[in-house]
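K.L.:
Sharing a structure with you now.
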Amino acid sequence: MGLKFKKTEVEGDIPVYQQVHEVSQSGYTLDTTGLIAGSVLPAGTVYIPDDITRLAKPVKSATLVAIAAANAVAYQVAKGHQIAIGDNIGLVLKGKAYAVTAIDKTTSALYDTITVGTTLNTAELPIGSVVYQSATTGTTNSSLAGVPKGTSLESTLVEANSTLTLALRATVYARRIPGVPADVQALLPLIIFSQSK
């Protein structure tokens, strides 16, 4: 019995790349663990690939759409994120990371409210700040589940055996892709995050 890979065309993508110089060979299979089945991961999503298993795990993130006061525990974020209750989230690598205790997706049609048990920030956070899923929890322990190596070339439907190709060396429009914290961007030196619209 062979593997059955799926490639589903997702319509509605806006161009997210200025230039793509190198892509992953042979592609990867989406690691759907902890993702919302049937949802779409947009083009430009940052991935942590495993070159042995050929699975790629997205870096889950959410972008603030409202200012978060100092010592906040509730953060208003853009809809369409993959953050889930129980996920640890942080703002910076090796910083605070705490578990999500609640997500309100129904009160507003414009944003979701993610709540954590302990604040992530001691200073006010501006609109556009990004929270991301941390593999660990603690006051100085925020980390990724591995080393990110690229961004998805196309949008990917979350379903079993979905395949994807990663841009490994490219220039991407940072304002058109899911939020990527500056210190995570620094881990991708071959991806240029352009601020052009």
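Derivation of every value follows stated rules applied to the coordinates shown; laboratory data play no part. Just so it is clear, the structure is predicted and the values come from calculations on it, not from any experiment. When we count neighbours, we look across all protein chains shown, and the Cβ atoms used for this are built from the backbone with ideal geometry, even at glycine.
K.L.:
Above 16 angstrom, tally the Cα pairs of the stretch 12-87 and express them as a % of all pairs, no decimals. Numbers along the way, then the final one.
P.N.:
Numbers: 1801 of 2850 pairs.
The answer is 63 percent, as a whole percent.
K.L.:
Can I ask one more? Using 18 Å as the Cα-Cα cut-off, could you pick out the over-long pairs in Lys57/Lys197; Lys60/Lys96; Lys149/Lys197?
P.N.:
Values: Lys57/Lys197 27 Å; Lys60/Lys96 16 Å; Lys149/Lys197 24 Å.
As for pairs spanning more than 18 Å Cα to Cα, those are Lys57/Lys197; Lys149/Lys197.
K.L.:
Still on this structure, please answer the following. Just order 19-26, 88-95 by mean Cβ neighbour count inside 10 Å, highest at the front, would you?
P.N.:
On the way: 19-26: 12.5, 88-95: 19.8.
By packing density, highest mean first, the sequence is 88-95, 19-26.
K.L.:
Taking each pair of different alpha-carbon atoms in the stretch 61-134 once, compute 1/r for the pair, average those values, and report the inverse of that mean as the Kirkwood hydrodynamic radius in Å to one decimal. Spell out each step's value before the answer.
P.N.:
Values: mean 1/r = 0.0842 Å⁻¹.
About 11.9 Å, per the Kirkwood formula over Cα pairs.
K.L.:
Counting pairs of alpha carbon atoms under 8 Å apart in space and at least six apart in sequence, what relative contact order in percent does the chain give?
P.N.:
Values: 491 pairs, mean separation 61.9, N = 197.
With pairs under 8 Å counted, the relative contact order is 31 percent.
K.L.:
How much FRET efficiency would the formula 1/(1 + (r/R0)^6) give for Thr113 and Lys197, where r is the Cβ-Cβ distance and R0 is 45 Å, rounded to 0.05? Let's see the in-between values first.
P.N.:
On the way: r = 28 Å, r/R0 = 0.61.
Efficiency, from the Cβ-Cβ distance: 0.95.
K.L.:
How would you classify the chain from its alpha-carbon gyration tensor, with a ≥ b ≥ c the square roots of the eigenvalues: rounded for a/c under 1.5, else prolate if a/b is greater than b/c, otherwise oblate?
P.N.:
Values: a/c = 1.62, a/b = 1.50, b/c = 1.08.
Prolate, because a/c is 1.5 or more and a/b exceeds b/c.
K.L.:
Next up: Between the alpha-carbon centers of the stretch 28-48 and the stretch 171-193, tell me the distance in whole angstrom.
P.N.:
Measuring centre to centre over Cα atoms gives 17 Å.
K.L.:
Extending each Cα 7 Å along its Cβ direction at Ile85 and Thr139, get the distance between those two points in nm, one decimal.
P.N.:
So the two model labels end up 2.9 nm from each other.
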